[in-house]
1. Of the residues that make up region 338-356, is at least one surrounded by fewer than 18 Cβ atoms within 10 Å (Cβ to Cβ), basic (K, R), farther than 25 Å from V65 by Cβ and over 19 Å from the mean Cα position of the chain (by Cα)?
2. State which residue pairs qualify: first residue within 14 Å of T123 (Cα to Cα) and inside region 145-165, second residue among the acidic types (D, E) and in a helix (DSSP H, G or I) in any location, beta carbons under 7 Å apart, and separation of 6 or more residues or different chains.
3. Cβ-Cβ distance below 9 Å, separation of 6 or more or different chains: which pairs start in region 271-293 with a residue that is near the ligand (Cβ under 9 Å from one of its atoms) and end on one that is part of a helix (DSSP H, G or I) and basic (K, R)?
4. F363 versus (1) within 23 Å of A55 (Cβ to Cβ); (2) outside any helix (DSSP H, G or I); (3) modelled with pLDDT of 95 or more: which is the lone unmet condition?
5. Inspect all residues belonging to region 107-117 and state whether any of them is of a type in the set (D, E, K, R), modelled with pLDDT of 95 or more and either crowded, with 19+ Cβ neighbours inside 10 Å or in contact with an Asp or Glu (Cβ under 7 Å, 6 or more places away or on another chain) (or both).
6. Is it true that D132 is without any contact (Cβ under 8 Å) to a residue 12 or more places away in the chain and part of a helix (DSSP H, G or I)?
7. Can you work out which of the residues in region 144-173 that are open to solvent by less than 30 Å² (accessible area, probe 1.4 Å), under 20 Å from D237 (Cα atoms) and not in a helix (DSSP H, G or I) is farthest from the ligand (Cβ to nearest atom)?
8. Just to verify a result, which residue in region 28-49, among those that are within 11 Å of G68 (Cα to Cα) and surrounded by fewer than 24 Cβ atoms within 10 Å (Cβ to Cβ), is nearest to the ligand (Cβ to nearest atom)?
Amino acid sequence: MRVLVLGAGFGGLELTTRLSEAFGDDADVVLIDKADGFVFGFSKLDVMFGHRPPADVHHRYADVVKPGVRFVQATITAIDPAAKRVETDAGSFEADILVVALGADLHPDATPGLVEGGSEFYTVAGAFELRDVLAAFEGGRVIVAVTSTPFKCPPAPSETALLMHDFLTKRGLREQSEIALVMPLPVPIPPSPDASRALLGAFEERGIAWHPQRLVRSLDPARNVAVFADDSELPYDLFLGVPVHRVPEVVAAAGMTVDGWIPVDPLTLETSFPGVYAVGDVCSVGTPKAGVFAEGQAGVVADAIIASAQGGDASEYDGRGICYLEFGDDKVAKVDVRFVAGEPPVGEYDGPSDALAAAKLEFGSSRIQRWFGRSWP
Ligand SMILES: Cc1cc2nc3c(=O)[nH]c(=O)nc-3n(C[C@H](O)[C@H](O)[C@H](O)COP(=O)(O)OP(=O)(O)OC[C@H]3O[C@@H](n4cnc5c(N)ncnc54)[C@H](O)[C@@H]3O)c2cc1C
């Protein structure tokens, strides 16, 4: 059975690792990505706040040596889901099973004024550039803001505001600075009232201004103001934005999307095209867009492929994931969340603590060990 996995992010890496573990050299898996390496989302925050150098968080795909898996660095230019065939700048590929794990593309240019007058911390390039911008920042009005929905890792803007507080405090710049957090959500973590309470308490303690249920629609760089949908304004000296998210162009052109994302069976992750699956940020399965969910979905697709080849039971997707929350002061909290179709999501909150900071570190290093076969950090 030939399996073609598009995208070597959280979803693609987990899926190909599971298939290699199950089939060894008998696997016939091709993994395609245009990038030369993987970077965890949370590593972007580590780099921008100067906790780690960029080279430390870049995991080269050239180091993936997995029996039965061939990595191809190429840009996918066309997907034919009916034929399970893709075109790339390194030739065409065909498969019996096709898995789309291409994530969400980010579009800073879709928010007027953001590229000219602000910064964004969601792309690798944007977060890495911010390292120098923050190092040179002398204090002032900081806005951390979301510009559209849906967006990946809903806790990340809250984490960024808390880490910014630490960053400015350590540099003796907090007194002359203000931090505002603009979020489309009514509370920071809707599935967990406890987590939301803890975060709102932390914002209040640290003097971080919380602006719920709002989106920044544009920036006016000439006047250094962020403009909301109702035309009200918030002045800034440093604007850190979460840009507009969309499926990659090649996915939209393949005619696989409904309302902007790929619909899937919520239990199997299969698309409306037989033998074609979609996992992670690119699909609209109903979980937030986060690596832990992409990983869980990849596991279900791996189980289905393994069951169809070896017999046995496939699993059903349970919508569960553990999200770690940077709380500042080197402490981390955790929300264990579950999203089940047709039911309100529930989340169990724990922390913040040093033990959970260690657990988050272990979460990252265990993935790099399994996916890349080496220890990290
Ligand atoms: C600041 C920040 C912090 C975060 N923190 C966390 C966290 O703590 N925990 C967590 O679980 N999640 C976190 N996330 C979210 C997480 O990074 C994503 O949700 C996750 O990476 C999604 O996995 P994926 O496999 O769907 O897509 P991705 O990991 O985005 O992978 C998609 C891959 O497809 C490739 N690709 C796209 N288009 C093409 C093309 N045309 N041709 C070839 N290749 C292509 C890309 O290069 C990419 O490697 C964070 C995100 C950010 C921005």
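The values are calculated or read from the model by the stated rules, or taken from the named source; none is laboratory data. What you are looking at is a predicted structure, and each value in this text was computed from that prediction instead of being measured. When we count neighbours, we look across all protein chains shown, and the Cβ atoms used for this are built from the backbone with ideal geometry, even at glycine. Just so you know, the surface numbers come from the protein's heavy atoms only, side chains and all, with ligands and any DNA or RNA stripped out. Shrake-Rupley method; radii C 1.70, N 1.55, O 1.52, S 1.80 Å.
1. No; the residues of region 338-356 include none that is surrounded by fewer than 18 Cβ atoms within 10 Å (Cβ to Cβ), basic (K, R), farther than 25 Å from V65 by Cβ and over 19 Å from the mean Cα position of the chain (by Cα).
2. K152/D281
3. G291/R367
4. Among (1) within 23 Å of A55 (Cβ to Cβ); (2) outside any helix (DSSP H, G or I); (3) modelled with pLDDT of 95 or more, F363 violates only (2).
5. No, that holds for no residue.
6. For D132, the condition - without any contact (Cβ under 8 Å) to a residue 12 or more places away in the chain and part of a helix (DSSP H, G or I) - is met.
7. So the residue we want is L173.
8. V30
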